[in-house]
Amino acid sequence: MKTRTKSLYRYAAFTVPLLTMLSAPARADYQIQIISPPDAVSAQAFGLNNAGIVTGVANDGTMVRSFTYDLKSGEYNYIEAAGEFSALEISNTGVIVGDLGDMCAIRDAKGDISTFPPPSNAPDSFCQARGVNSMGRVSGFEVAADGTWTGFIYDTKQATYETFLPSPTHIPVGLDERGRLAGNV
């Protein structure tokens, strides 16, 4: 799959939820926190856990790097990875999911990053993990080289996948502790 096409999938996966949020009516009782990692010219926050740790990606003008931000202490930490790791969601146990290259990726609470193959493990596919809960279940999607999307839930403890709702496009986003899934189908 060409890099440009993969970039379009990433852009669509990041932009669709943002457009949905922007269309919601404004409320005066919200508190806004600006998140701007050091040296970043742009940043996007994607995940937030109960401890107040935010995950996201920041662009410093030369490269895109993932970060965490602690709402309580105000500390930023860049996530070091061998490759471009996109940190998209964080569980209450500190596990972060996203993608590393074309593969779904998990960063455990110790900071070790591993990838796991998408459901079909097709060559030239793109996989992105979008949600994670404290029980080790991960939601995500794969886009095959032919443009076919497959949404899934991956059980990290059993190393099993569950696919759902055949659809031209899947973007699972959140997965709660009860196993309920939010996203687009």
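The values are calculated or read from the model by the stated rules, or taken from the named source; none is laboratory data. Given the structure is predicted, the values throughout are model-derived calculations rather than measurements. Here the Cβ is made from the backbone with ideal geometry for all residues, glycine too, and neighbour counts use every protein chain on show. Protein only, heavy atoms only, side chains kept; ligands, DNA and RNA dropped before computing areas. Shrake-Rupley method; radii C 1.70, N 1.55, O 1.52, S 1.80 Å.
Structure data summary
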| read-out | value |
| --- | --- |
| Residue list for segment 126-147, filter: free of Cβ contacts under 8 Å to residues at least 60 places away in the same chain, under 18 Å from T55 (Cα atoms) and crowded, with 24+ Cβ neighbours inside 10 Å | A129, V132, V138, S139, G140 |
| Unmet requirement for I106, which otherwise passes all of (1) within 11 Å of the chain's Cα centre (by Cα); (2) of a type in the set (V, I, T); (3) assigned to a loop (DSSP other than H, G, I, E, B) | (3) |
| Given (1) of a type outside the set (A, V, I, L, M, F, W, C); (2) free of Cβ contacts under 8 Å to residues at least 40 places away in the same chain; (3) part of a loop (DSSP other than H, G, I, E, B), number of the condition N92 does not satisfy | (2) |
| Criterion: closer than 19 Å to T115 by Cβ and either at pLDDT 85 or above or touching a strand residue (DSSP E or B) at 6+ places or on another chain (Cβ under 8 Å) (or both) - qualifying residue of F164, F152 | F152 |
| Among (1) within 17 Å of the chain's Cα centre (by Cα); (2) of a type in the set (G, A, S); (3) not in a strand (DSSP E or B) - the single one S114 does not satisfy | (3) |
| Selection within segment 85-94 - within 13 Å of the chain's Cα centre (by Cα) and either open to solvent by less than 20 Å² (accessible area, probe 1.4 Å) or more than 21 Å from P119 (Cα to Cα) (or both) | F85, S86, A87, L88, I90, S91 |
| Selection from segment 95-112 of residues that are open to solvent by 50 Å² or more (accessible area, probe 1.4 Å) and touching a residue at least 24 places away in the same chain (Cβ under 8 Å) | D102, M103, R107 |
| Within segment 34-79, tally of residues that are open to solvent by 50 Å² or more (accessible area, probe 1.4 Å), within 16 Å of A109 (Cβ to Cβ) and free of Cβ contacts under 8 Å to residues at least 24 places away in the same chain | 1 |
| Criterion violated by Y154 - all others in (1) free of Cβ contacts under 8 Å to residues at least 40 places away in the same chain; (2) touching a Cys at 6+ places or on another chain (Cβ under 8 Å) satisfied | (1) |
